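Structure first, then comments.
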Amino acid sequence: MRAIRNSAKAIIIRDNQLLVIKNTTDGEDWFLLPGGGQNHGESLREALARECMEEASVVVEIGDIVFIRDYISRNHEFAETDNDAHQVEFMFQCSISDDAKPAPGCETDQWQTGVEWLPLESLADYMLYPAVLRNALSRGISPNHITYLGDVN
């Protein structure tokens, strides 16, 4: 039996732009929220703070969970390469200081090629994963409301 992996992700919006991790595979750019897997003995908030520093060199102020999603790889386009992964992502509304300068950190993932700000009104133009965020974030985040996005990519 394979384990389900928990992951904490940061939704950081400043000046109507979303902070993302830029990745490149075979010359094609794609984007993810900063964050990553939770280690044994680590809270989701601790995992998120660590991952944001490792990937984007930012200290985050962590707010509430706003989205939860399952990612069951066999149900999506990356089934052949994701080795039967099952991940549950907890997406927190976060902020960074106004003078923070996001940049690739000390422990980036293998495909990471940068850190960027994407305009909220143009998210549909980017390969942002999970793709459901393109519409969800353009509508805004409802405070004190958690949305389960389902098994989506």
How many residues of region 1-14 are surrounded by fewer than 19 Cβ atoms within 10 Å (Cβ to Cβ), at pLDDT 95 or above and either part of a loop (DSSP other than H, G, I, E, B) or in contact with a strand residue (DSSP E or B) (Cβ under 7 Å, 6 or more places away or on another chain) (or both)? The answer is 1
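Out of the residues in region 126-153 that are in a loop (DSSP other than H, G, I, E, B) and at pLDDT 85 or above, which is farthest from D70 (Cα to Cα)? Working first, answer last.
Step one: of region 126-153, the residues in a loop (DSSP other than H, G, I, E, B) are 126-127, 130-131, 139-146, 152-153.
Filter once more, so that each one left must be at pLDDT 85 or above: 126-127, 130-131, 146, 152.
Values: Y126: 21, M127: 19, P130: 10, A131: 13, I146: 14, V152: 7 Å.
Only one residue fits best here, namely Y126.
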Which residue out of E89, E116, E77, E121 is surrounded by fewer than 17 Cβ atoms within 10 Å (Cβ to Cβ), of a type outside the set (G, A, S) and at pLDDT 95 or above?
E116
Name, by its number, the condition in (1) of a type outside the set (D, E); (2) touching a Gly at 6+ places or on another chain (Cβ under 7 Å); (3) without any contact (Cβ under 8 Å) to a residue 60 or more places away in the chain that does not hold for S7.
(3)
Can we say M127 is surrounded by fewer than 17 Cβ atoms within 10 Å (Cβ to Cβ) and either in contact (Cβ under 8 Å) with a residue 40 or more places away in the chain or of a type in the set (S, T, Y) (or both)?
yes
If I filter region 47-59 for residues that are free of Cβ contacts under 8 Å to residues at least 40 places away in the same chain and surrounded by fewer than 16 Cβ atoms within 10 Å (Cβ to Cβ), do I get at least one hit?
no
Elements of type strands (runs of 3 or more DSSP E) contained in region 41-119, each with 3 or more residues being in contact with a strand residue (DSSP E or B) (Cβ under 7 Å, 6 or more places away or on another chain) and polar (S, T, N, Q):
86-95
Residues within region 15-40 that are within 16 Å of A103 (Cβ to Cβ) and either free of Cβ contacts under 8 Å to residues at least 12 places away in the same chain or in a loop (DSSP other than H, G, I, E, B) (or both), tallied
1
Within region 90-106, is even one residue farther than 24 Å from S122 by Cα and touching a helix residue (DSSP H, G or I) at 6+ places or on another chain (Cβ under 9 Å)?
yes
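The values are calculated or read from the model by the stated rules, or taken from the named source; none is laboratory data. Note that the structure is predicted; figures quoted are calculated from it, not measured. Here the Cβ is made from the backbone with ideal geometry for all residues, glycine too, and neighbour counts use every protein chain on show.
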